[in-house]
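Notes follow the structure.
The values are calculated or read from the model by the stated rules, or taken from the named source; none is laboratory data. Everything quoted here is computed from the prediction, not taken from an experiment. Cβ: placed from backbone, ideal geometry, glycine included. Neighbour counts: every protein chain shown. Keep in mind that these areas ignore ligands, DNA and RNA; they rest on the heavy atoms of the full protein, side chains included. Shrake-Rupley method; radii C 1.70, N 1.55, O 1.52, S 1.80 Å.
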Amino acid sequence: MAHLMLLSSNLLVSLSPEIMATKCRRSRTSFTEEQLKILVQAFSQNPYPGYTAKQRLAVEINAEESRIQIWFQNRRARHGFLKRPKKNLDPSKDHASPIEKIQDGTDRRCRTSFTSSQLQTLKNAFTENPYPGIDSREQLAEEIGVPESRVQIWFQNRRARLRIQRKRGLEEALYQRQNQGQDL
């Protein structure tokens, strides 16, 4: 018996019970009081830490950097942070604060490059299931030799690209129908 899942407003995908069984979520990360104290203190100093700061925190509290990233995202959402503060574009003030230094992009994670064989493995997995659970992502990550967080981001980006391509395809089809009506 197949189950239907709504992916977007106009796309239904059939998922077998086997695939649905593998679509499990990562278990909730629980931080100790001591870990939370360290995270809250870091958040009060800078609600938008860079990659290296998140890595230092991860080592300090013995957690994955990706879990630290999610904690900061959730904390900003709960405390009503809308966007990063704008950088000061006034050249007369060229003394950069630590926050401004972080925002100039020097503290970002390096771009992940995939080999052609890694990409082929990811594309094959995406064809089978565009919404893999944590177990599937971890297995893929181990298979291709990258962190699970990078596999998760790859799938998010691939789904976004697919939505854009489908939208363009629908717009082009509509445009062609409109032009065919004018040619008659």
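With the simple spin-label model, which puts each label point 7 Å out from Cα in the Cβ direction, the Tyr175 to Gln41 separation comes to 5.7 nm.
Inter-label distance, Arg166 to Lys123: 2.0 nm, where each label sits 7 Å from its Cα along the C-beta direction.
Quick check on region 112-151: take the gyration tensor over C-alpha atoms, sort the square-rooted eigenvalues as a ≥ b ≥ c, and tell me if it's rounded (a/c under 1.5), prolate or oblate. Could the numbers behind the result be given before it?
Values: a/c = 1.90, a/b = 1.16, b/c = 1.65.
Oblate.
Would you kindly state how much longer the chain becomes between Cys110 and Tyr51 on full extension, computed as 0.36 nm times their sequence separation minus their alpha carbon distance, in nm to one decimal?
Working: separation 59, 0.36 × 59 = 21.24 nm, distance 0.92 nm.
In short, 20.3 nm is gained.
Separation of region 134-184 and region 44-80 by C-alpha centroid, Å? If we compute the Cα centre of each part, the gap is 29 Å.
For Glu34 and His79, what is the calculated FRET efficiency with R₀ set at 30 Å and r taken between the beta-carbons, to the nearest 0.05? Walk me through the numbers before you get to the answer.
Numbers: r = 21 Å, r/R0 = 0.71.
According to the calculation, E is roughly 0.90.
Of the solvent-accessible surface of region 110-183, computed with a 1.4 Å probe over protein heavy atoms with every protein chain present, carbon and sulfur atoms account for 46 percent.
Between Gln139 and Ile70, the distance separating the two model label sites (each 7 Å from Cα on the Cα→Cβ line) works out to 2.0 nm.
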